[in-house]
């Protein structure tokens, strides 16, 4: 009886190890390869997906800014699209707050009530532009 329990426990342990290995393999296979930056975030109240800009991200994409939010996608008919935001823009300011020293675009948006008018300071092609839009507007 003891021997049978030992075999069952060993079998369960082997199956658990196999499941853990398979799960880890699946997660690893979905991550970008090489030194490609990771960490895209969806900012639904604006209608954009962005990548937080760090010095490493800036170097990878040859940006001229070391902080902000690199826009990777703009949703159709979103407040961001209507305001003129484009893929490749870097949001460097949100309603007067600069996105530097670890300041998070998502954190600033969460602190802003829906419907408030906001301004985005955008770095685009070596210059800075200002865009106005309503936060959380559909």
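Can you give the Kirkwood hydrodynamic radius for segment 93-138, in Å, rounded to one decimal and based on Cα pairs?
11.2
Write down the radius of gyration of segment 47-138 and its Dmax, each obtained from C-alpha positions, in Å.
12.2, 35
Using the 10 angstrom Cβ neighbour count as an exposure proxy, how do 118, 91 rank, fewest first?
Ranking 118, 91 by Cβ neighbours within 10 Å, fewest first, gives 118, 91.
The numbers here are math on the coordinates, done by the rules we state, and not lab data. All values derive from a computational prediction rather than experimental measurement. Every residue, glycine as well, gets a Cβ built from its backbone with ideal geometry; the counts of neighbours run over all protein chains shown.
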